[in-house]
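Q: Take a look at the following structure, please.
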There are 2 protein chains.
Amino acid sequence: MSTLYAVVVTASDRPGMMSAVTKVLADHNANIRYVDLHSAGEHADIYFEVTLEGPPDALFADLKRLNGVHGLEEIPSFAKIYGKRIIVMGGGAQVGQVALGAIAEADRHNIRGERISVDTIPLVGEEPLADAVRAVARLPRARVLVLAGALMGGAITDAVAELKRRGVIVISLNMAGSVPDAADLVVTDPLQAGVMAVMAIADTATFDISRQRQRRY
Amino acid sequence: MSTLYAVVVTASDRPGMMSAVTKVLADHNANIRYVDLHSAGEHADIYFEVTLEGPPDALFADLKRLNGVHGLEEIPSFAKIYGKRIIVMGGGAQVGQVALGAIAEADRHNIRGERISVDTIPLVGEEPLADAVRAVARLPRARVLVLAGALMGGAITDAVAELKRRGVIVISLNMAGSVPDAADLVVTDPLQAGVMAVMAIADTATFDISRQRQRRY
């Protein structure tokens with residue numbers, strides 16, 4: 001069975017450094033899930049998450065030996081710290097209320113050992129929203145999108161269909177436009193929509209979203 | 001001047017693939033800022049952001065030619081879509097109210113061309129919170145942390161000091177414990193704390209956080 005390791009490598013910030021680090025990972029058959037680089041002047045923190053079959057000691061030793069690497073620290077993974085993500089986007093008034101419901105409900109589950117975070121962006125306009133919906137597929141750990149507005153359709157609806165194909169659950173407020181018809185679930189009350197979004201992905205909840213598909217509350 | 005490019009490469013999901021892709025990036029002197037891999041069965045989407053000095057055509061062509069690569073698409077970067085991030089963590093009751101203030105204020109700035117998102121997690125306990133505070137330094141595009149609780153100190157305060165050294169602004173609610181003394185700014189009302197967090201990083205606002213350090217409202 002493979003184990004997930006999260007590591008920060010402090011290294012010189014120059015082209016080729018990331019390639020050198022990932023080459024060492026490949027040499028050890030580490031499967032890279034996530035890499036991020038934070039620059040701070042001439043040094044950079046390279047944060048990565050890999051899965052490995054065996055113990056990580058030889059890999060860590062080779063990384064430390066690499067030219068340009070100044071330090072290495074094993075840390076808790078983002079999945080462990082921030083957990084599954086619910087993304088809420090749309091009009092500020094509605095996004096705020098959905099967030100309120102989702103945060104209160106996530107609190108109840110996180111106390112029992114879950115880790116669910118609620119991430120939001122207030123946005124206006126068909127194209128910016130369609131781009132933001134499509135980008136949810138690329139967000140690490142994003143599991144549910146809640147669309148919180150009064151009118152959404154056109155390019156946003158196309159983006160919703162694409163996102164659903166990639167396995168993200170889409171909940172829509174009851175609103176004008178074609179988005180509600182494309183969503184997995186339509187909820188009229190924004191607080192309730194936030195609560196249901198959390199219940200849909202909490203292992204501590206007994207709410208089966210697949211039984212709710214196409215329903216309206 | 002270097003330009004930022006965001007690209008999705010669809011490739012076979014196997015060890016070594018990421019190393020092969022990053023080697024091509026290094027050969028073209030592309031400076032990698034962010035790489036993320038989303039698995040979907042035998043294929044994976046490798047999403048990356050790089051800065052390049054010249055035009056990207058030769059790099060894109062070499063990536064497409066790579067053994068195991070099935071497709072390549074240029075897309076808008078996360079910075080363009082979700083922008084700067086405010087992170088709110090602590091007790092569910094307070095996190096919800098801070099989020100409400102921050103989302104309403106972010107809406108006002110995003111309408112004028114800003115991109116600010118508000119990301120939250122309700123959490124309980126000194127160690128989980130300290131870990132989550134420390135991890136904010138590794139979150140892409142995180143600019144402000146708001147600590148929203150009734151009692152925070154000890155390991156959380158140490159983590160706050162570390163985070164401030166890494167350039168993240170820390171706002172604390174007025175609460176028991178040593179965290180308020182360690183924060184850049186203390187705000188009693190949670191809605192106001194959310195609004196001020198947005199003002200502190202919005203280019204469309206005229207609020208200079210450096211003039212507010214150590215103040216209490």
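Q: Does B:ASP27 satisfy being within 10 Å of another protein chain (Cβ to nearest Cβ) and more than 29 Å from B:ALA135 (Cα to Cα)? I'd like the intermediate steps shown before the answer.
A: Details: within 10 Å of another protein chain (Cβ to nearest Cβ): yes; more than 29 Å from B:ALA135 (Cα to Cα): yes.
Yes, satisfied.
Q: Please pick out the residue among A:PRO56, A:PRO76 that is on the phi < 0 side of the Ramachandran plot, modelled with pLDDT under 95 and within 18 Å of the chain's Cα centre (by Cα). Outline the logic, then answer.
A: Numbers: A:PRO56 fails: within 18 Å of the chain's Cα centre (by Cα).
Of A:PRO56, A:PRO76, the one residue that is on the phi < 0 side of the Ramachandran plot, modelled with pLDDT under 95 and within 18 Å of the chain's Cα centre (by Cα) is A:PRO76.
Q: Does B:ALA40 satisfy the criteria of being out of contact with any Phe, Trp or Tyr (no Cβ under 8 Å at 6 or more places or on another chain), among the hydrophobic types (A, V, I, L, M, F, W, C), free of Cβ contacts under 8 Å to residues at least 40 places away in the same chain and at the interface with chain A (Cβ under 9 Å from one of its Cβ atoms)? Please lay out each step first, then the result.
A: On the way: out of contact with any Phe, Trp or Tyr (no Cβ under 8 Å at 6 or more places or on another chain): yes; among the hydrophobic types (A, V, I, L, M, F, W, C): yes; free of Cβ contacts under 8 Å to residues at least 40 places away in the same chain: yes; at the interface with chain A (Cβ under 9 Å from one of its Cβ atoms): yes.
When the stated conditions are applied, B:ALA40 passes them.
Q: To continue, here is another question. Looking at the range B:78-94, is at least one residue facing another protein chain (nearest Cβ under 7 Å) and among the hydroxyl-bearing types (Ser, Thr, Tyr)?
A: Looking through the range B:78-94, at least one residue is facing another protein chain (nearest Cβ under 7 Å) and among the hydroxyl-bearing types (Ser, Thr, Tyr).
Q: Residues that are without any contact (Cβ under 8 Å) to a residue 24 or more places away in the chain, surrounded by fewer than 19 Cβ atoms within 10 Å (Cβ to Cβ) and in contact with a strand residue (DSSP E or B) (Cβ under 7 Å, 6 or more places away or on another chain): list the helices (runs of 4 or more DSSP H) wholly contained in the range A:99-201 that include at least 1 such residues.
A: Numbers: elements: A:126-135, A:155-165, A:179-182, A:190-201.
Because the criterion is at least 1 residues that are without any contact (Cβ under 8 Å) to a residue 24 or more places away in the chain, surrounded by fewer than 19 Cβ atoms within 10 Å (Cβ to Cβ) and in contact with a strand residue (DSSP E or B) (Cβ under 7 Å, 6 or more places away or on another chain), the helices (runs of 4 or more DSSP H) in the range A:99-201 that meet it are A:155-165.
Q: So, one more: Might you let me know whether the range A:17-35 holds any residue that is under 23 Å from the mean Cα position of the chain (by Cα), more than 20 Å from B:TYR47 (Cα to Cα) and modelled with pLDDT under 90?
A: No, the range A:17-35 contains no residue that is under 23 Å from the mean Cα position of the chain (by Cα), more than 20 Å from B:TYR47 (Cα to Cα) and modelled with pLDDT under 90.
Q: Scan the range A:73-89 residue by residue and report those that are crowded, with 18+ Cβ neighbours inside 10 Å and outside any loop (DSSP other than H, G, I, E, B).
A: Hits for the range A:73-89 are A:PHE78, A:ILE81, A:LYS84, A:ARG85, A:ILE86, A:ILE87, A:VAL88, A:MET89.
Q: Taking the range B:107-151 only, how many residues are in contact with a Ser or Thr (Cβ under 6 Å, 6 or more places away or on another chain) and hydrophobic (A, V, I, L, M, F, W, C)? Working first, answer last.
A: Initial filter on the range B:107-151 (in contact with a Ser or Thr (Cβ under 6 Å, 6 or more places away or on another chain)): B:109, B:112, B:114, B:118, B:121, B:147.
Okay, now just the ones that are also hydrophobic (A, V, I, L, M, F, W, C), so B:118, B:121, B:147.
Counting residues in the range B:107-151 that are in contact with a Ser or Thr (Cβ under 6 Å, 6 or more places away or on another chain) and hydrophobic (A, V, I, L, M, F, W, C) gives 3.
The values are calculated or read from the model by the stated rules, or taken from the named source; none is laboratory data. Just so we're clear, the structure is a prediction, and the values are computed from it rather than from any experiment. Cβ: placed from backbone, ideal geometry, glycine included. Neighbour counts: every protein chain shown.
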